[in-house]
């Protein structure tokens, strides 16, 4: 009993110390000078640009990874091919590599002195220190979220329903739209949610490839840093509070999904911990 | 208007494993046929090949004399019912049944009329709005059947349709399916590993083992004249006794005579059903009763005679009336049995030694 109470207390203390207090601090700092200052900080053109850029990156990276996740789960769950297990392992690479290294690799590929740098600059295509590089970096870092969620689910569900659809006269696209995709919908939504949270909050990889040009290649998380470093604490905390809100909303939606559709999502949980 | 199915020399390999080797089968129009065999015998593979869910490595499949290979399941006009139902989990019962009609873009009133007709047929009108997860196993299986029937298939294929259901539901559904088949009269094949199910439901039964067809016939034919030792053992309990045949006399190697058979001289194995062994109380008899057990309506007597052992079954009432006791000596009468050679082939019937007539039936099936 004593041990149990001690452990619970320790866990709660840890939570309060590292999660709740910082969260409260972010919001209190952001609102310290009142709502007026808070909103004017967010309306600052450079901050507004950063918000826009973050949304834009997420709007490209998340759908890209959604499509990839669907394709990967489709071919891994429905077909048995050479290199299938290798593909499953490769999908995890972005999880095991530091985002900074991921960004660095991109610079080495597409930078001015990079492998493709010469050809790119000759053709006047800029990837590094520009939007395409930031989208690429974010997509790479958030690559596994949808796939990892959906692959175990698709594997557990098997192909019987698709076979039933074949015997009932459905063609490839009918099967995909009417059977395979709806079967996975809650798993997909769950993956998209996590993928989106990560895409908007990504710092390391984007920081390396963006060049941090204030007002140009600044995302929300980069803006927090640059504002903080230039002693604009109010604005830094205002932007941070937006990111914190995103995290809270994501958590609430995630918990809601887990509660409503735990049977379907459980497949993913079990496989991951196994 | 029923469809005839012919399968010729069908072969299917999965990697190094030959799952079906040279299977020939003719399904009569409107017939209800069971594919019976142990797991791994290739029966589900055969069914999937007939459905068009899989492609054979060799051989031919014809529907009404037309080549069916290369045609999709839909074009073959088959309805398929899966062992685990394979209902669309995100669709209501109504939409599950309506699926094939929606695929061919049937008009809404037509879909509604057809689905309601089928819901009535499966007696689930009140559950149209439910989802598969909210149904019992038996209800799910009926929905799966209705879904397969929605587009009026010419051939109905069922893979272990009652395998995942409990005994009572299984019996009810079986009767219901038989009734449905009589009403619709479409050619129907079902796979099962349950002998009772196959014999109870089917017009004819196909026994499969190790990727081949061992025997095909009516349940009575197969039970009474098993083509080989595998079929004899698969279809119920068998006593096995090594015997020698000389001049038509069957003599157990343990030293007693079993009866007559018309077959060449030589060593054979006698397969005898336990209910064809009848103990006849006789204190000077050669058989020792080593064990008596009664499980409900059936009773079992274990007998020993030197190295030979036999089991006899009778009804519990007969056992009580017989006054047999453990440790007693008794004589026995073996009514009949079947002899097989060392390869389990060459079935020859033998009849009891005091049988008035000499009966011998030979089977020409091979396995």
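The values are calculated or read from the model by the stated rules, or taken from the named source; none is laboratory data. Every value quoted in this text rests on a predicted model; they were computed, and no experiment measured them. When we count neighbours, we look across all protein chains shown, and the Cβ atoms used for this are built from the backbone with ideal geometry, even at glycine.
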Quiz item: Which members of region B:85-104 meet the condition of being without any contact (Cβ under 8 Å) to a residue 40 or more places away in the chain, assigned to a helix (DSSP H, G or I) and within 13 Å of another protein chain (Cβ to nearest Cβ)?
Solution: B:95, B:102, B:103
Quiz item: In this structure, is residue B:31 more than 9 Å from every other protein chain (Cβ to nearest Cβ) and under 26 Å from residue B:137 (Cβ atoms)?
Solution: no
Quiz item: If we scan region B:229-239, do we find a residue that is within 15 Å of residue B:349 (Cα to Cα), in contact with a helix residue (DSSP H, G or I) (Cβ under 7 Å, 6 or more places away or on another chain) and in a strand (DSSP E or B)?
Solution: yes
Quiz item: What number of residues in region A:163-195 are more than 7 Å from chain B (Cβ to nearest Cβ), within 21 Å of residue B:152 (Cβ to Cβ) and surrounded by fewer than 19 Cβ atoms within 10 Å (Cβ to Cβ)?
Solution: 1
Quiz item: For the subset of region A:92-130 comprising residues that are free of Cβ contacts under 8 Å to residues at least 24 places away in the same chain and surrounded by fewer than 12 Cβ atoms within 10 Å (Cβ to Cβ), which member is farthest from residue A:148 (Cα to Cα)?
Solution: A:122
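Would you pick out the residues in region B:30-58 that are closer than 21 Å to residue B:161 by Cβ, part of a loop (DSSP other than H, G, I, E, B) and in contact with a strand residue (DSSP E or B) (Cβ under 9 Å, 6 or more places away or on another chain)?
B:30, B:31, B:37, B:38, B:40, B:41, B:42, B:52, B:53, B:54
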Quiz item: Among the residues of region A:194-235, how many are part of a helix (DSSP H, G or I) and closer than 22 Å to residue A:139 by Cβ?
Solution: 21
Quiz item: residue B:62: modelled with pLDDT of 90 or more, in contact with a helix residue (DSSP H, G or I) (Cβ under 9 Å, 6 or more places away or on another chain) and over 18 Å from residue B:191 (Cα atoms), yes or no?
Solution: no
Quiz item: Going by the structure shown, is residue A:257 under 29 Å from residue A:132 (Cα atoms) and at pLDDT 80 or above?
Solution: no
Practice problem: Those residues that are modelled with pLDDT under 90 and either at the interface with chain A (Cβ under 8 Å from one of its Cβ atoms) or touching a helix residue (DSSP H, G or I) at 6+ places or on another chain (Cβ under 8 Å) (or both), I need them from region B:69-82; list them, please. | Solution: B:72, B:73, B:74
Practice problem: Please state which of the following conditions residue A:136 fails to meet, knowing it meets all the rest: (1) within 21 Å of residue A:198 (Cα to Cα); (2) in contact with a helix residue (DSSP H, G or I) (Cβ under 8 Å, 6 or more places away or on another chain); (3) surrounded by fewer than 17 Cβ atoms within 10 Å (Cβ to Cβ). | Solution: (3)
Quiz item: Within region B:105-124, can one find any residue that is within 12 Å of another protein chain (Cβ to nearest Cβ) and within 18 Å of residue B:73 (Cβ to Cβ)?
Solution: no
Quiz prompt | Residues that are surrounded by fewer than 21 Cβ atoms within 10 Å (Cβ to Cβ) and within 14 Å of chain A (Cβ to nearest Cβ), drawn from region B:54-68 | solution = B:54, B:55
Practice problem: Could you check, for region A:139-155, whether at least one of its residues is in a helix (DSSP H, G or I) and within 14 Å of chain B (Cβ to nearest Cβ)? | Solution: yes
Quiz item: How many residues does region B:113-159 hold that are free of Cβ contacts under 8 Å to residues at least 24 places away in the same chain and over 27 Å from the mean Cα position of the chain (by Cα)?
Solution: 8
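Okay, residues lined up against (1) under 33 Å from the mean Cα position of the chain (by Cα); (2) in a loop (DSSP other than H, G, I, E, B); (3) modelled with pLDDT of 85 or more; (4) under 28 Å from residue B:217 (Cβ atoms):
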| position | (1), (2), (3), (4) |
| --- | --- |
| B:301 | yes, no, yes, no |
| B:309 | yes, no, yes, no |
| B:312 | yes, no, yes, yes |
| B:350 | yes, no, no, yes |
| B:356 | no, yes, no, yes |
Quiz prompt | Positions within region B:165-186 being under 17 Å from the mean Cα position of the chain (by Cα) and in contact (Cβ under 8 Å) with a residue 40 or more places away in the chain, in sequence order | solution = B:178
